[in-house]
Amino acid sequence: MTIQTDAIAGEVASGVEQAKQVINRRINALGTKEPEITRQGVDRIVIEAAGESDPEKLKAIIGKTAKLTFQMVDETVPAQEAAAGHVPPDDELLPQTAGPQAPPVLVSKTIDVSGDMLTHAQLGFDQNGGAAVDFALNNTGAIKFASVSTNNIGKRFAIILDGKVISAPTIQGPITGGHGQITNMGSADRASELALLLNSGALPVQLTVIDQSSVGPGLGADSIHAGEVSLAVGAVAIFVFIILAYGL
């Protein structure tokens, strides 16, 4: 079996169009006014965001895939054994966002709840006052979340973002109602950024920055100064012409 060229082109076009919509929601959530997002060629997107003072932050927000999943931690295999490469075929070993010093976590490949089941996310705080993300699930997600938490009390449930484990708390009891909280966010800015990404949805494809350029306020000031000079020179030239042509 082979994938036809027309099918590939159709998937690329669909991915680019979905990415445009996600990027537009993310930029608008930052407060940037009237971003210009246009498709260029087959698989490129051009983004112009007037008034953005931090291009690197904007690029980071735009480029994150933001694929969120909830998967059970496999505690039947010792951590050292898994780190040595003895990973069961139904599991995967994922790093933690806490940093390279944090040990990887062995999780099941089965996705119990996914980010597309989220209906809302916002900045919140845990019981210790640390920054967190409060989220709500749709009916399907709420049912799955309740079922998993009911059947796995005492086990760890990993929260994974773009292939990295944010946290893996132990399930203390059934979680019903379709509401939950992501802790261990570190700072309120990081929690707010994650909430923004979750609300805007995950990118259907991974984006790569090809080129970027910024026009700072200094260029506008130079243009104003050049305009003043040209106005003065033009006025002098007109008066000289009038005097030479018609006299005083």
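The values are calculated or read from the model by the stated rules, or taken from the named source; none is laboratory data. Nothing here was measured: the structure is a model prediction, and the numbers come from that model. Ideal geometry is used to build each Cβ from the backbone, glycine not excepted, and the neighbour counts take in all protein chains shown. Accessible surface is based on the protein model in full, side chains and every heavy atom, while ligands, DNA and RNA are left aside. Shrake-Rupley method; radii C 1.70, N 1.55, O 1.52, S 1.80 Å.
Stretching the chain fully between ALA188 and GLU11 yields a gain of 60.0 nm (0.36 nm per residue, less the alpha carbon separation). Net charge in the neighbourhood of ARG156 (other residues with Cβ under 14 Å of its Cβ; Lys, Arg +1, Asp, Glu -1) is -3. What label, among [x] 65, 46, 28; [y] 68, 49, 35; [z] 101, 55, 39, belongs to Cα extents along the principal axes in Å computed from the structure on display? Recomputing Cα extents along the principal axes in Å here gives the entry labelled [z]. Each of VAL215, GLY129, ALA195 was scored by the projection of its Cα onto the charge dipole of segment 110-233, and the greatest displacement toward the positive side belongs to GLY129; charges sit on the C-beta of Lys, Arg, Asp and Glu. Farthest toward the positive end of the dipole of the chain, out of GLY15, LEU58, HIS120, is the Cα of HIS120, where the dipole comes from beta carbon charges about the Cα centre. Other residues lying with their Cβ under 12 Å from the Cβ of PRO169 contribute a combined charge of +1, Lys and Arg counting +1, Asp and Glu -1. Can you figure out the FRET efficiency of VAL42 with SER214, using R₀ = 22 Å and their beta-carbon distance, to the nearest 0.05? Efficiency, rounded to the nearest 0.05: 0.25.
In this structure, LEU30 and ALA79 have a Cβ-Cβ separation that, at R0 = 25 Å, corresponds to a calculated FRET efficiency of about 0.05. Accessible area per residue for the chain is 63 Å², calculated with a 1.4 Å probe on protein heavy atoms, without ligands, DNA or RNA. Taking a ≥ b ≥ c as the square roots of the eigenvalues of the Cα gyration tensor, segment 69-155 is classed as oblate, since a/c reaches at least 1.5 and a/b does not exceed b/c.
Within 14 Å, Cβ to Cβ, of GLN71, how many net charges do the neighbouring residues add up to if Lys/Arg are +1 and Asp/Glu are -1? Don't jump to the answer; show the numbers that get you there.
Details: positive: LYS67, LYS109, LYS144, LYS155, ARG156, LYS164; negative: ASP74, GLU75, ASP90, ASP91, GLU92, ASP112, ASP162.
Once all neighbours under 14 Å are counted, the net charge is -1.
Between GLY180, GLY31, GLY41, the Gaussian network model of the chain with springs among Cα atoms under 10 angstrom shows the greatest mean-square fluctuation at GLY41.
Name the residues of segment 81-118 whose amide N is less than 13 Å from a point 7 angstrom out from the Cα of LYS155 along the C-beta direction? Under cut-off, by backbone N: 91, 107-113.
This model, with +1 at the C-beta of Lys and Arg and -1 at the C-beta of Asp and Glu, gives the chain a dipole about its Cα centre of some 300 debye. Helices meeting the span-like rule in the chain (full DSSP H runs, Cα extent of at least 24 Å along the helix axis, mean Kyte-Doolittle score of 0.0 or higher): 217-246.
Give me the percent of accessible area attributable to carbon and sulfur for the chain, probe 1.4 angstrom.
Values: 8600 of 15580 Å².
Carbon and sulfur together cover 55 percent of it.
Assuming charge only on the beta carbon of Lys and Arg (+1) and of Asp and Glu (-1), the dipole of segment 1-82 about its Cα centre is about 320 debye to the nearest 20.
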